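Trainee: Handing you a structure now.
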Amino acid sequence: MLSVALKGIAQRKLRSALTALAIVVGVAMISGTYILTDTINNGFNTIVVNSYKNTDVVISGEAAFKNTNGNGVETPTFSDTLLPKVKKLDGVEAAAGSVTSDNVKLIGKNGKVVDTGGAPALGFSVDPKEQQFNPTQLTAGAWPKGPDQVAIDKATASSQGFDVGDTIAIQAVGPQRRFTISGIAELTGVGSIGAATFALFDLPTAQKVFDKPGQLDVIRIQSDPGVNKDQIISEVQPLLPPTAVVRDTNAQVKEDKKQFNIAFLQYILLAFAGIALFVGAFVIANTLSITIAQRMREFATLRTLGASRRQVLRSVVVEAFVIGLFGSVVGLFLGLALAKLLNSLFVAFGIDLPKGNTVFATRTVIVSLVVGTLVTLLASIRPARRATRVPPIAAVREGSVLPVSRWAKYGPAVSLTVLIVAIAMVMLGTLASGIATQPRLLLLGFGVLLLFFGVSMNAARVVRPLAAVLGAPAQSLGGAPGILARDNATRNPARTASTASALMIGLALVTFVAIFGQGVFKSFEDAVDQLFIADYAITATNTFTPIDVAAGKSLVGKPGVSDVTPIRAGSAHFLGSDHDLTGVQANIGTGVKIDWKQGNDSVPGQLGTTGFFTDSDYAKAHDLHIGSVVNVEFPSGTRRDLTLKGIFEAPNGGSPFGDATISTTLFDKENPRPRDEMVLVTTPDGVSDANTQTLEDNLSGFADAKVQTRDEFKTNFLKPIKSVLNLLYALLALSVIVSLVGIINTLVLTVYERTREIGMLRAVGMTRSQVRTMIRYESIVTALMGAALGIVVGTFLAVLVAQALKNDGVVFAFPFLQVVFFVIAAIIVGILAAILPARRAARLNVLQALQYE
Amino acid sequence: MEAAAVPAAETTDGIPTAVVAARDLTRRYGEGDTAVDALRGVSLDVADKKLTAVMGPSGSGKSTLMHILAALDRPTSGEVWIAGTKLGQLSDTEITKIRRQHIGFVFQFFNLLPMLTAEENVVLPLTIAGEKPEKAWLEDLLKNVGLTDRRTHRPAELSGGQQQRVAIARALVSKPTVIFADEPTGNLDSKTSSEILELMRDSVDTLEQTTVMVTHDPRAAAIADRILFLADGLIVRDMPRSEPGEVIAAMEELSAD
């Protein structure tokens, strides 16, 4: 019996391959995700491990807290007087100190900062005398020596056209300055450092450029042979200031790798793989159902020859297993290509991460094959059970229909119940209060899955009315073939419904993302319109990384500049958690219109070194009032009692302020290298080309500072969010491709089934091109049904989520243009899906088709 | 029209002795006004090691009778015994066992599996039952049906007659108690039909294979040891082995009534 199933697959090659194709994309996505993230991790790992080569013990600065989900924290430095003491310790063979920075921006020959797309612009010191610790190797020139020399990374050198001996402008702390390139270097053993750049200096120069005079970030220690690491650690311990720690290299590597956590990226990508697999399961279930309906005589014959129901079930499941395994193997290897494609996609959207050698882990193979095969098997269960219901008498009787299962009479009630339960779950998950995050997400996740099932189960009932509406243009455009196409689409409503449902899933998610994104944009723009009363904002060229305070300071008192008011960005720890901390001056009111609930525009001027203000939501959540005292810890570990001086109302779309805002005076006291998230500027006569030019001229020493008007600020700020949305669309396109495969499958099988009928139509005078038109219109009508259902479901979900996040600044805004675009995309999907089936239908030999048995 | 008398041999406990027996079969399709009675009380005993033909015009109920005898369909009332087992309320699993042990099928449209070779199709009933064919028996069988040089061909590469030979070999391979043949020549030209009929007659003579054949072809019926005529759901005539001319005459007589 097993061989019968296997030979059946070989016999129906095209159908089996098309079925397998439905699972290939999802599996390729799993395998591609693992390959890509493993390769990136491998890159990070090599970078970190390599940066401690020949090192047994590491001394590094350690901040009191990290605030990794917010502005982050600059690791504190320690005095370089520690180094000679360490060198003298027993068992220390060698020790070297270095300073590092992630804000050393290289400026290209065009005068613009080399874009790192959010990756760090690294800088670090190298000591040619301590080569054993050097993580880089020269590819040209010599190591930098003295206050005017730098070595830069090979990728930047080649992309920007720099050679040894050229000069390059670099902006770190303070205005940019020029250096001579002494050499070009690369990180040893790392394939690519992504979009990151690096600049190397000798230690005294680096200390000066990074504004870390007499300070060190790291000391690397190599022990004498045979000396225990723990012995050195215990010797070093008493010498350390409170802001530094000593670890053995393995522990330090583990610690450093925490900042390169791409688990989040992996989860997101796997979620999209899951969606593609879910859609694939729909397509497989549908394809197998149709195939089984067409093979009724075969199953019935097997039954008359003595096959039991169990054997019939097993033969279908074995077939699904083989198809699933085959699809998974193809997907697994396609993942290698998809990993490259995903990476180019990320790079195109500005996310360029380091890469090591391609990693093809055992886990990738196992998970891809197991998940792909399992999903196919699960999808085959229902069709396989249908196959067992084929009565033996179907072997002798023409046109037998499958007897309905004994549960069929409950079908409509069950599918309606599923839909109602799903809607209830989704509404509960979004709107109900008092549910913890985890159960809420579970409720939502399962609710949405169930919603897709529910809609698909009920969709058969709306196929006829939908076809009447969506098929009307087909009828008027296509004439007779158009009418036939519309009627064909409604001939087997359950089949059309499940084919359309696969497309519905992708389009629902796309619609949801579009509406949700539109809501986020709109509320952000509203917030900026409300708050932003300055003429100009100065930010870093990439809008997001904070810029050195020197840029803002340089504008103060310049002709043509009225008010300059900076907003410092940093982190603090108070009331039990890490928070974003901002710093402002007394004149913040010239740039930002603050809606005071308690206090007034004089509050910023009264903060001194003991006051702060916050927004009403935070105050309410933590029961803070004017005069409340909060103990605030700074990254250096110092703590201060600060008194609440004012409470303002932030717009729903957010504000530039953190949970606590202090004076720049206090901010700069606690942050050795303060930076501004933005600097707001007013001019005597508002925005004009001349004023823009004046500001740009004044900032010519700061290549990283960008002058922008309010509207430009909005656009620049939303640009990366729009990129993320486009990335999501691209990832969702994969599941749309799967549903396209689904439509192809259904049409190919339908054409096969209607061979005799198509032959008859041809015999009574239908042309080949009319046959093609008929199939194409049927395909488009099916795709449009998927689009209509998807847009409704997606809008429903978006309305609920917008309602739930109303207070977090998400409003409901319907993106008409995009939705029109989605409908056009669905039509294109329909046209593409019809190509192969239409060609097969048109190619049928009339005589043979009529004799077809 | 009177139902023809049909001998009813029974053991003491009421079980018919014939390999296939039916008592008072009725079969009604549909309900209410549109209900159709395909069988209206049919009883018969199929003679062992003989070829029985069931004849009748379209709609006479001959196909329904065969479907019920072969356990493909259930009667509305009445009983069927195969090899002494009452089919009655047997479960699907029990009927599957009966099919494996006792029943072979030959279909009008051959019903071969397109992905299997001729030989694989022939041994399929054994494969399904988890058995291996006896080598010598299989070789004899393939030789008898004239397929020795076609054994590795797939159905698509065989003529209609050859396909039906494969189907006959497939029905014979498990040495069933009875073979049911449903219009075995209905899809073949007259020359090929003769060959197939010869083969079936031969299998009854040499292998003593009990066979029930439904047909409307008088030439097919003429190879049978006994011919039952059905009309309007009743057995109206029971003829011994006859010449085609006699069969045609009997048919005409029936339709004249």
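Trainee: Hey, got the average number of other protein chain Cβ atoms within 10 angstrom for residues in B:62-68?
Mentor: Mean partner-chain Cβ count within 10 Å for B:62-68: 1.
Trainee: Classify the range A:536-707 from the C-alpha gyration tensor, please: rounded if a/c falls under 1.5, else prolate or oblate depending on whether a/b exceeds b/c.
Mentor: prolate
Trainee: What is the set of long-range amide H partners of A:VAL592 at a cut-off below 5 Å, with H atoms built 1.01 Å from backbone N?
Mentor: Residues meeting the criterion, in which the H sits 1.01 Å from N, are A:ILE533.
Trainee: Among DSSP bridges having both ends in the range A:111-267, what percentage is antiparallel? Round to the nearest 5.
Mentor: 50 percent
Trainee: Still on this structure, I have one more. For the cross-link pairs A:LYS105/A:LYS597; B:LYS50/B:LYS86; A:LYS212/A:LYS620; A:LYS355/A:LYS719, which exceed 30 Å when the distance is taken from alpha carbon to alpha carbon?
Mentor: From the list (A:LYS105/A:LYS597; B:LYS50/B:LYS86; A:LYS212/A:LYS620; A:LYS355/A:LYS719), the Cα-Cα distance tops 30 Å for A:LYS105/A:LYS597; A:LYS212/A:LYS620.
Trainee: Provide a whole-number value for the mean count of partner chain Cβ atoms within 10 Å of the Cβ atoms in peptide A:307-313.
Mentor: 4
Trainee: For chain B, what does -39500 (n - 2.57) per DSSP helix run (n ≥ 4), summed and divided by total residues, give at 222 nm, in deg cm²/dmol to the nearest 500?
Mentor: Calculated from helices alone, the mean residue ellipticity at 222 nm is -10500 deg cm²/dmol.
Trainee: Also, quick follow-up: Share of antiparallel DSSP beta bridges in the protein assembly as shown, in percent to the nearest 5?
Mentor: 70 percent
Trainee: Now, a different point. Given a cut-off of 21 Å, name the pairs among B:LYS62/B:LYS191; A:LYS85/A:LYS145; A:LYS7/B:LYS132; A:LYS258/A:LYS340; A:LYS522/A:LYS714; A:LYS208/A:LYS558 whose C-alpha atoms lie farther apart than that in the structure shown.
Mentor: Violating the 21 Å limit, Cα to Cα: B:LYS62/B:LYS191; A:LYS85/A:LYS145; A:LYS258/A:LYS340; A:LYS208/A:LYS558.
Trainee: How much mean residue ellipticity at 222 nm does chain A get from its helices, if each DSSP H run of length 4 or more adds -39500 (n - 2.57) and you divide by all residues, to the nearest 500 deg cm²/dmol?
Mentor: Dividing the helical sum by the residues of chain A leaves -18500 deg cm²/dmol.
Trainee: Residues of the range A:697-733 with the amide nitrogen closer than 19 Å to a label point 7 Å from the Cα of A:ASP529, along Cα-to-Cβ, please.
Mentor: Flagged as within label range: A:709-719.
Trainee: Please give the peptides A:683-693, A:705-715, A:383-393 ranked by average Cβ packing (other Cβ atoms within 10 Å per residue), highest first, as a rough proxy for protection.
Mentor: Result, highest mean Cβ count within 10 Å first: A:383-393, A:705-715, A:683-693.
Trainee: Charges on Cβ only, +1 for Lys and Arg, -1 for Asp and Glu, centred on the Cα centroid of the range A:51-260; of A:PRO175, A:THR139, A:ALA64, which one is farthest towards the dipole's positive end?
Mentor: Working it through, the farthest residue towards the positive pole turns out to be A:PRO175.
Trainee: Is the shape of the range A:51-260 rounded, prolate or oblate, going by the alpha carbon gyration tensor and its root eigenvalues a ≥ b ≥ c, with a/c under 1.5 for rounded and a/b larger than b/c for prolate?
Mentor: It is prolate, given that a/c is not under 1.5 and a/b is the larger ratio.
Trainee: Sticking with this structure for a sec: Can you sort B:ARG241, B:ARG165, A:ARG675 by how many other beta carbons sit within 10 Å, fewest first?
Mentor: Fewest-to-most Cβ neighbours within 10 Å comes out as B:ARG241, A:ARG675, B:ARG165.
Trainee: Please go through the range A:614-643 and write out the trypsin sites (Lys or Arg not before Pro) that DSSP classes as loop and that have at most 12 other C-beta atoms within 10 Å.
Mentor: Passing sites in the range A:614-643 do not exist.
Trainee: Over all residues in B:124-132, what is the mean tally of Cβ atoms on other chains that come within 10 Å of each residue's Cβ?
Mentor: Mean shielding count: 4.
Trainee: Still on this structure: Sort chain A into rounded, prolate or oblate with this rule: let a ≥ b ≥ c be the square roots of the eigenvalues of the Cα gyration tensor; rounded if a/c is under 1.5, and if a/c is not under 1.5, prolate when a/b is larger than b/c, oblate otherwise.
Mentor: Verdict is prolate for chain A.
Trainee: With the crude spin-label approximation of a point 7 Å out along Cα→Cβ, what separation in nm comes out for A:ARG843 versus A:THR68?
Mentor: Rounded to a tenth, the inter-label distance reads 5.6 nm.
Trainee: If we count other beta carbons within 10 Å of each Cβ, what is the order of A:PHE717, A:PHE264, A:PHE512, fewest first?
Mentor: So the residues, fewest neighbours to most, are A:PHE264, A:PHE717, A:PHE512.
Trainee: Follow-up question, since we're still on this one. Got a sec? How would A:TRP143, B:TRP137, A:TRP596, A:TRP407 order by Cβ neighbour count within 10 Å, fewest to most?
Mentor: A:TRP407, B:TRP137, A:TRP596, A:TRP143
Every number here is computed from the coordinates shown, using simple stated rules; none is lab data. Small disclaimer: the values here were computed from a predicted structure and weren't measured. Using ideal geometry, Cβ is built from the backbone for each residue, glycine included, and neighbour counts are taken over all protein chains shown.
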